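Report on one structure; see the data block that follows.
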Amino acid sequence: MTTNNENIVLHVADVHKTFGGLHALSDIDLQIEEGKTHAIIGPNGAGKSTLLNVVVGRLAPTRGAVVFDGQVLTGKQPHEINQVGVARVFQTPEIFPDLTVLQNVMIPALAKRDGDFKLNFLSSLEDEVEIREEAEHMLEDVGMKASKDMFASSLSRGDKRRMELAMCLMQHPRLLLLDEPTAGMSRHDTNTTIDLLKKIKERGMTKVIIEHDMHVVFSLADKISVLAGGRIIAEGTPEEVRNNPKVQEAYLGGAH
Amino acid sequence: MNSIFSMSRKDVITFLIFSAVVLLMPIWLQPFGAAYPDLMQKFAIFGILAIGFNILFGLTGYLSFGHAAFLGAGSYAAVWTFKLFSMNPIPALIFAVIIAGLFALAIGYVSLRRSGIYFSILTLAFAQMSYNLAYSVLTPVTYGETGLQLALDDPRIADAAFGGGSDVALPVSNLFGMVNMNGIPGFYFCAIFLIIGFFITQRIFASPFGMMLRAIKSNQNRMSYTGFNTRPYTLTAFVISGMYAGLAGGLMAVTDPLAGAERMQWTASGEIVLMTILGGVGTLIGPVVGAWLIKYFENIFSSFNENVLHNLFAFLPEGIEKFVVEVTSMFVGEGWHLTLGLVFVLVVTFLPGGMMEGYRRIVDMFQKKDDGDGKASTKSDAATAPAE
Amino acid sequence: MDAIFLQFLNGLDKGGAYALIALGLTLVFGTLGVVNFAHGTLFMLGAFCAVTLRKLLTLEQVVLDTENLTAWGTATEIRTPYVEAWFGDFGTMLVDYSVPASILLAIPVMLVVGVAMERGLIKHFYRRPHAEQILVTFGLAIVLQEIVKHYFGANPIPQPMPAAFAGAADIGAALGMEPNVIVYPWWRLVYFGFSIVVIGAVFAFLQFTTFGMVVRAGMADRETVGLIGIDIDKRFTAMFGIAAIVAGMAGVMYTPLLPPDYHLGMDFLVLSFVVVVVGGMGSLPGAVAAGFLLGILQSLASMTEVKAIIPGIDQIIIYLVAVVILLVRPRGLMGRRGVMES
């Protein structure tokens, strides 16, 4: 291994995943450095989402393990994985449609405190002043303060994504996984999101981004891994990846 | 602000109004002809049952079809306490709530491993098992078809120790030998529990715990990926809800000390669901309103018979009268359940939020009218307002 | 051993009924994605088709015989069913065979009921949550059973089986065992055979007709089939009608074994849901297999020897199996992955 091990926050070690006879992931070995933004790109069906699902515990790998900050995540429940500091933004926003925007953003903070269980039905939500204020700040940061009392179901798709991002940020995760955070967004919204993600980068949070939009990838990523047919075919800085003939072939070949 | 009783002003007002409405029942129910103790006791007891069920279904979205099992367990526990310990209702209720809670813990622990329809079927299966067992093997405990009743030679150790009770007549449950639990005192006894139960529900609704439950209903997946271990939350809601049912079952035994297995049948579970839906699932007051409406109309409709109908429609020409009586008789008396089923189908289809949604729609309608530019269009507004 | 064999046989007819109801439930669930709590009521309605037909067939003509006076000096009343008066021996046979003949009545009636139910109510619930589907069909079930109660009363109405099948078959003797040990009522045998035929017919229909192919494709992947542009709505309505007919016929033929009353459907529904879950939600072979399996298990559990070991087991065996299956193998015996799993 070329990189200094102490800086590795997430290590996907030799992961295989098969569905029936189909090899969705083979020999995946990924090392993500602390504080960096790592993009995973690849044609459709390359196994990107499967990889994320393995990391967050939605799928169990057929072989191999996921290690986060020295702890093996494989075999843990999704909520346990979140509690050690891994948060995820989904491709289709996973939010609480029946609750208000403010409540949506407050819940992750409450989860950090009461996630394992707390029967506090004698206290009132009104008393959660700190969390409420933090949530309001967060909404201000993502530019959604005005809609804090709206029901989340009535938000536009772009706003839902932004809110989901805010929800994840409320937990101050050490690792944030983003599954196509700008898919289906207008150019303007995409740029806003890029700025927002850059801001988070300054805070030193590690991010793994799956993205189709090369504009997003090249403006954010410190390092890129290219996935094709369930294997990593190239890895390196954006410059290296851009100039890699293998990548051009797989990517353009897959796109046609 | 951080005291135990910190409540929003709106909650305090709701609570005070609710308490007043319950306590003044003997007065305001007079014009409806419903101010007699038996019926009012039912109002209070089924109110408790419905708000308890709502904590589970309304907040978490888990539809239990086996809640009657907890009701039955509560009743049996209470009657056994009467038989063995004392006719005082307090220990009977404590025991009823504890037994129902334990029962709910066991059933919930298993059933909550699945969600959606599987959960409904698991709870249904457990309730049917309880019902079948109550009728067969458990007869020594439940007295099967006869039902569990008081007997003259029951030990009642606490009462015996204090020399209470007579040897000639069956005792009536009484509060420390002072107040008998039938009639109006019985109603007030139940009413106090309804008010306490309502208060606790109100607290749950306003608490972070309540919001977690709502979030589970809204998107359980997101809850997991947000770091929530959802099962203890749903299990707690299930147990609390089972304890409410146990309390209701206990109160049934307090006001009328016998317990039968039919209280555990799944149709009884269905009735609990009906009440909650009719009133408005997930709302604070809805389930109580639903319980009251169903018990009130059950009472009115079942008392109708052909004679009453003939008198009612006597003004019509004979042929028409006969026809009208024939048709209406399908819906009253024995046919009350038909009316109930129809209303239920209509409510689920057109007003899934129940009476409370209807109420909200009407309020919205009037508010829209006020907001609009005066009296320009009153009728056309009404048609468009409910859409939201 | 003989006793076990006998109980095994006894489980077959009940198992057949479970399988037929579960089959319809699964069809409806698989094609429409609707959890139909009113499905048991269709079984009950079928049973009451038999009751109705028998009532009609036994309507009597009264002839006063003034020659023969009764002890009170009034004319003797000679009552003959109209059908006998009109058709003679054929009429007598018709009355005798009223139960199987009711199938002819049940098929159109159940088709109409099924289609009306789907078009009138259930189609509005395709896109609504399962909880609401359960609730609305539960309400519908109450309505239907109360209507039946209004017209037929609350008591069970026994239906005689055709005289030719009233006896019992000595199966033991036929298989070369001792006579009079394994004696099995003919009608139960008929019911078992009937259920096999109907199940076979449904499977053949799904297997060999284009209609069936579309339905099967729809069960496997509803969205894709919709995308191909096949008018799936009409087929689904028809599927609902078929499910209703199957349930109705199952109800008709079951009447000699269990006198029908208005809540017959609810009793069977709860069990049938358990059957569907055990078999695997959405799996037709699973529903059939689980139906027979549970019917036989229930029958075995009601043996005195078994009850002596575990008291009350006969009362709860089915539910117990369901609980265990749901916990260890939530997909059921033959269910596909991802059906109704969150």
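Read-outs: derived from the displayed coordinates by stated rules, not from any lab. From a predicted model like this one, the values you see are computed outputs, not experimental measurements. Counting neighbours? That spans all protein chains shown, and the Cβs are built from the backbone with ideal geometry, glycine included.
So what's the net charge close to C:Ile318: Lys and Arg +1, Asp and Glu -1, counting the other residues with Cβ under 14 Å from its Cβ? Please report the intermediate quantities before stating the final value.
Working: positive: C:Lys14; negative: C:Asp267, C:Asp314.
Result for the local shell: -1.
Bins of 10 Å, beginning at zero and ending with the bin holding the largest distance: percent of Cα pairs per bin for the range A:30-73, please.
P(r) for the range A:30-73, in whole percents per bin: 23, 53, 23, 1.
On a straight-distance basis, which lysines could pair with B:Lys295 in a cross-link, Cα separation under 21 angstrom, same-chain partners fewer than 8 positions away excluded?
B:Lys42
Sort A:212-219, B:353-360, C:287-294 by packing, meaning the average of other beta carbons within 10 Å per residue, with the highest value first. Intermediate values should be presented prior to the final figure.
On the way: A:212-219: 16.6, B:353-360: 18.5, C:287-294: 26.1.
Descending mean neighbour count gives C:287-294, B:353-360, A:212-219.
Report, as a whole number in µm² per second, the diffusion coefficient that Stokes-Einstein gives for the range A:144-234 at 4 °C and 1.567 mPa s using the Kirkwood radius over alpha carbon pairs. Could you put the intermediate results ahead of the total?
Numbers: Rh = 14.4 Å.
Stokes-Einstein gives a translational diffusion coefficient of 90 µm²/s.
Among the listed pairs A:Lys160/A:Lys198; A:Lys160/B:Lys368; A:Lys76/A:Lys112; C:Lys55/C:Lys149; A:Lys160/B:Lys10; C:Lys14/C:Lys234, give every one whose C-alpha distance is greater than 22 Å. Before the final figure, lay out the partial values.
Numbers: A:Lys160/A:Lys198 19 Å; A:Lys160/B:Lys368 29 Å; A:Lys76/A:Lys112 17 Å; C:Lys55/C:Lys149 16 Å; A:Lys160/B:Lys10 30 Å; C:Lys14/C:Lys234 33 Å.
Distance filter (> 22 Å) returns A:Lys160/B:Lys368; A:Lys160/B:Lys10; C:Lys14/C:Lys234.
Charges at C-beta only: +1 for Lys and Arg, -1 for Asp and Glu. How large is the resulting dipole of the protein assembly as shown about its Cα centre, in Debye rounded to 20?
Details: 68 positive and 82 negative charges, 398 e Å.
Taking the Cα centre of the protein assembly as shown as origin, the dipole is about 1900 debye.
Which one, B:Ala261, B:Leu93, B:Phe209, projects farthest toward the positive side of the charge dipole computed for the protein assembly as shown from Cβ point charges (K/R +1, D/E -1)?
B:Phe209
Which whole-number percent gives the relative contact order of the range A:95-171, counting Cα pairs below 8 Å spaced six or more residues apart?
Numbers: 76 pairs, mean separation 42.9, N = 77.
Taking the mean separation of contacting Cα pairs over the length of the range A:95-171, I get 56 percent.
Lysines near B:Lys83 by alpha-carbon distance under 21 Å, same-chain residues fewer than 8 away left out - which ones?
By straight Cα distance, B:Lys83 reaches no lysines at all.
Determine the calculated [θ] at 222 nm for chain A from helices alone, applying -39500 (n - 2.57) to every DSSP H run no shorter than 4 residues and normalising by the residue count; nearest 500 deg cm²/dmol. Intermediate results must be reported in sequence, preceding the final value.
Working: 9 runs with 95 residues, N = 256.
One gets -11000 deg cm²/dmol as the mean residue ellipticity at 222 nm.
Under a Cβ-Cβ cut-off of 14 Å, what is the net charge of the residues other than C:Tyr151 that fall near it, where Lys and Arg count +1 and Asp and Glu count -1?
Details: positive: C:Lys55, C:Lys149; negative: B:Glu326, B:Glu334, C:Glu146, C:Asp261.
Around C:Tyr151, the charge tally is -2.
Bins of 10 Å, beginning at zero and ending with the bin holding the largest distance: percent of Cα pairs per bin for chain B, please.
Taking every Cα pair in chain B, the percentages come to 5, 20, 28, 26, 14, 5, 1, 0.
Compute the signed sum of charges (Lys and Arg +1, Asp and Glu -1) over the other residues within less than 12 Å, Cβ to Cβ, of C:His263. Before the final figure, lay out each step's value.
Details: positive: C:Lys149; negative: C:Glu146, C:Asp261, C:Asp267.
Value of the local net charge: -2.
Using all alpha carbons of chain A, what is the percent of pairwise distances in each 10 Å bin, ordered from the shortest bin to the longest?
Calculated P(r), rounded to whole percents: 7, 30, 35, 21, 7, 1, 0.
Just checking the output field for B:200-208: average partner chain Cβ neighbours within 10 Å of each residue's Cβ? Present the calculation step by step, with values, prior to reporting the outcome.
Values: counts 2, 1, 1, 4, 3, 3, 7, 10, 14.
Mean partner shielding for this stretch: 5.
Taking the Cβ of each residue in C:Glu178, A:Glu164 as the centre, tally the other Cβ atoms inside 10 Å and list the residues starting with the fewest.
On the way: C:Glu178 10, A:Glu164 26.
With the sparsest Cβ surroundings first, the list reads C:Glu178, A:Glu164.
How do B:Tyr76, B:Tyr62 rank when sorted from fewest to most other Cβ atoms within 10 Å of their own Cβ?
So the residues, fewest neighbours to most, are B:Tyr62, B:Tyr76.
Please average, across the residues of C:42-49, the number of beta carbons from any other chain that are within 10 Å of each residue's own beta carbon, and give a whole number. Before the final figure, lay out each step's value.
Values: counts 0, 0, 0, 0, 0, 0, 0, 0.
If you average over the peptide's residues, the count of other-chain Cβ atoms is 0.
In what order do A:Ser154, A:Ser225, B:Ser64 fall by count of nearby beta-carbon atoms within 10 Å, going from fewest to most? Provide the component values of the computation, followed by the final result.
Values: A:Ser154 12, A:Ser225 25, B:Ser64 31.
So the ranking, lowest neighbour count to highest, is A:Ser154, A:Ser225, B:Ser64.
Quote the charge dipole size of chain A about the Cα centre in Debye, to the nearest 20; the model charges only the Cβ of Lys and Arg (+1) and of Asp and Glu (-1).
Numbers: 28 positive and 36 negative charges, 124 e Å.
The calculated dipole for chain A is roughly 600 debye.
With the dipole of chain C worked out from charges on the C-beta (+1 for Lys and Arg, -1 for Asp and Glu) around the Cα centre, which of C:Ala154, C:Thr80, C:Pro185 lies farthest toward the positive end?
Of the options given, the answer is C:Ala154.
Can you give me the three principal axis dimensions of the protein assembly as shown from its C-alpha atoms, in Å, biggest first?
Principal-axis extents of the protein assembly as shown (Cα, largest first): 118, 75, 72 Å.
How long are the semi-axes of the equivalent ellipsoid of the range B:303-373, defined as square roots of 5 times the Cα gyration tensor eigenvalues? Whole Å, largest first.
Details: eigenvalues 262, 61, 17 Å².
Square roots of five times the eigenvalues give 36, 18, 9 Å.
Given contacts defined as C-alpha pairs under 8 Å and at least six residues apart, what's the relative contact order of chain C, whole-number percent? Spell out each step's value before the answer.
Numbers: 546 pairs, mean separation 118.2, N = 342.
In percent, rounded to a whole number, it is 35.
Can you give the mean number of other chain Cβ atoms that lie within 10 Å of the Cβ atoms in peptide C:316-324? Intermediate results must be reported in sequence, preceding the final value.
Numbers: counts 10, 2, 4, 10, 3, 1, 8, 8, 1.
Partner Cβ neighbours, averaged per residue: 5.
In the calculated pair distance distribution of the range A:8-60, what percentage of Cα-Cα distances lie above 17 Å? Present the calculation step by step, with values, prior to reporting the outcome.
Details: 501 of 1378 pairs.
Counting pairs separated by more than 17 Å, the tail of P(r) holds 36 percent.
Taking the Cα centre as origin and putting +1 on Lys and Arg beta-carbons and -1 on Asp and Glu beta-carbons, what dipole magnitude results for the range A:95-171, to the nearest 20 debye? Please list the in-between numbers first.
Details: 10 positive and 15 negative charges, 81 e Å.
Dipole of the range A:95-171, to the nearest 20 debye: 380 debye.
Work from the charge dipole of chain C (Cβ charges, +1 for Lys and Arg, -1 for Asp and Glu, about the Cα centre) and give the residue of C:Ile171, C:Ala131, C:Gly265 farthest towards its positive end.
In chain C, that residue is C:Ala131.
Using a ≥ b ≥ c from the Cα gyration tensor of the range C:2-328 (square roots of the eigenvalues), is it rounded, prolate or oblate, where a/c under 1.5 gives rounded and otherwise the larger of a/b and b/c decides, a/b for prolate?
oblate
Which of the lysines could be linked to A:Lys48 by a straight reach, that is with a Cα gap under 16 Å, when you skip same-chain ones fewer than 8 residues away?
A:Lys17, A:Lys207, A:Lys223
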